[in-house]
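Structure record follows, encoded as structure tokens.
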Ligand SMILES: Cc1cc2nc3c(=O)[nH]c(=O)nc-3n(C[C@H](O)[C@H](O)[C@H](O)COP(=O)(O)OP(=O)(O)OC[C@H]3O[C@@H](n4cnc5c(N)ncnc54)[C@H](O)[C@@H]3O)c2cc1C
């Protein structure tokens, strides 16, 4: 495996680096650095700027408005994004729905929705999980029944990230109860302002409102909102879940976070010496750095396979497990550094560095990283079956 970039790739790297230097607003960079949530307006404003450059939907082919980059270019872009301190984009429209419509949508659906994802006119949320259907998603019960030219939807979704920002939801619904449960699922697009939709907030352990419950009571959508065929929803959902994601491991952001932690440890004094010289912390930082290096090389191998036309399959489960465990370890290190200043009720923390103030909220929220996008246990089941060949 050759991990050196070519001359052209190095030039590309310089071009990307310069663009971020010239275009990333300082306040956005600072909020992202210390772990403060961005407002909807800030996220949309930044994404619009990327879109003007043609760099918003980096995995999309040129025919749909993407840059048509190679996997290596995407990797370089993500490294430079993290290095510059720019936020990761909101994935639901760009990473999830876009590729689904490109593969399964009608021409009308592509023409209508793809440009609006790029221009950020539409904010999509993902309506998959239900109170009784998370890991066992195929058990979902939200029902969709045909009525003339329309469908009528009844049921409830949960953990719907940013449903309160979204004006559209892509949803998995049950259209047939008589067949094998996977075969009775369909994929449908629902406008969030349709009569009969109620969004109820869930405040998570970091004290923020990212998540929601969404209720559908006799919600009507035209039949043209179905993506693929009735009963094809499971195939569509699987395509979406295994869709190529070279950034799933979060290596770029973890490298930047680790560097920040090392710098903080070197300048934070406890018992007359920098924390970086306290053996227990030194060891913890070194262990996390080794794990991160190993993950980076696993990511390189996946990248090389993708560049050779063999898209990542079950390997993405390894990246997800290790990547999220490292994110959790880094958030724990930041709390270790902050010590009592991490306590949000401690007024003295107002005098400490801003990243200390956010550290406990971030630590708490990242406990969910080994649950969302498929829990650790489910990823391990995938590895057991698909990589180890056990059943
Ligand atoms: C922050 C956050 C954001 C989210 N955003 C969205 C979103 O935008 N849209 C959306 O649709 N969903 C979203 N989710 C939901 C997420 O996909 C589910 O939480 C996840 O799939 C787990 O499902 P569950 O919560 O129902 O847990 P359960 O499936 O009930 O699992 C409970 C526990 O049992 C374990 N378990 C379950 N089945 C097995 C098995 N077969 N073998 C071994 N262990 C098993 C699980 O690993 C877990 O530890 C989000 C979740 C979180 C936490």
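How would the stretch 124-230 be classified by its alpha-carbon gyration tensor: rounded, prolate or oblate, with rounded meaning a/c under 1.5 and the a/b versus b/c comparison settling the rest?
Oblate shape, in that a/c is at least 1.5 and b/c is the bigger or equal ratio.
Express the relative contact order of the stretch 37-82 as a whole percentage, based on alpha carbon pairs under 8 Å and six or more residues apart in sequence.
Relative contact order comes out at 20 percent.
Considering only 139, 254, 129, give the residue with the highest GNM mean-square fluctuation for the chain, with springs between Cα atoms whenever their separation is below 10 Å.
Among 139, 254, 129, the largest GNM mean-square fluctuation belongs to 139.
Let me have the relative contact order for the stretch 1-118, percent, based on Cα pairs under 8 Å that are six or more residues apart.
Value for the stretch 1-118: 28 percent.
Normalised radius of gyration for the stretch 195-315, please: alpha carbon Rg relative to 2.2 N^0.38 Å, two decimal places.
With N residues counted in the stretch 195-315, Rg over 2.2 N^0.38 Å equals 1.68.
Checking the a/c ratio against 1.5 first, then a/b against b/c, what shape does the Cα gyration tensor give for the stretch 7-89?
Oblate shape, in that a/c is at least 1.5 and b/c is the bigger or equal ratio.
Once the Cβ-Cβ distance between residue 297 and residue 147 is put in as r, and R0 is 51 Å, what FRET efficiency do you end up with, to the nearest 0.05?
Step by step, r from the Cβ atoms, then E = 0.40.
Please determine, in degrees from 0 to 90 and to the nearest 10, the orientation of helix 107-118 with respect to the longest principal axis defined by the Cα atoms of the chain, where the helix direction is its Cα long axis.
20
Would you kindly state how much longer the chain becomes between residue 387 and residue 18 on full extension, computed as 0.36 nm times their sequence separation minus their alpha carbon distance, in nm to one decimal?
So the chain would gain 128.8 nm between residue 387 and residue 18.
Sequence gap at least 6, Cα distance under 8 Å: using those rules, report the relative contact order of the chain to the nearest whole percent.
Worked out over the chain, it gives 13 percent.
Once R0 is set to 45 Å, what does the formula 1/(1 + (r/R0)^6) return for the Cβ-Cβ distance between residue 239 and residue 270, expressed as a FRET efficiency to the nearest 0.05?
0.30
Tell me the label-point distance for the pair residue 371, residue 91, using the 7 Å Cα-to-Cβ offset, in nm and rounded to one decimal.
Modelled inter-label distance: 1.7 nm.
Between residue 204 and residue 339, how high is the FRET efficiency from 1/(1 + (r/R0)^6) when r is the Cβ-Cβ distance and R₀ = 22 Å? Nearest 0.05.
Calculated transfer efficiency: 0.40.
Name the most mobile residue of 375, 359, 331, meaning the one with the largest mean-square fluctuation, in a Gaussian network model of the chain with Cα contacts below 10 Å.
Top of the fluctuation ranking is 375.
Helix-only mean residue ellipticity at 222 nm, the chain, DSSP H runs n ≥ 4 weighted -39,500 (n - 2.57), per residue, nearest 500. What is it?
-14500 deg cm²/dmol
Where Rh is the Kirkwood radius over the Cα pairs of the chain, the temperature 4 °C and the viscosity 1.567 mPa s, what D in µm²/s does Stokes-Einstein return?
57
Among the DSSP beta bridges whose two residues both lie in the chain, what percent are antiparallel, rounded to the nearest 5?
85
Round to the nearest 10 and give me the degree value, 0 to 90, for the angle of helix 251-267's Cα axis relative to the longest principal axis of the chain.
Once rounded, one gets 30 degrees.
Can you pull the one-decimal nm distance between simple spin-label points at residue 38 and residue 286, each 7 Å off the Cα toward Cβ?
3.7
Out of the DSSP beta bridges found with both residues in the stretch 47-195, what percent are antiparallel (nearest 5)?
If I count the DSSP bridges inside the stretch 47-195, around 70 percent turn out antiparallel.
Bear in mind these aren't lab numbers, they're just calculated from the coordinates by the rules spelled out. Bear in mind the structure is a predicted one, so any value in this text is a computation, not a measurement. Cβ atoms come from the backbone with ideal geometry, glycine included; neighbour counts cover every protein chain shown.
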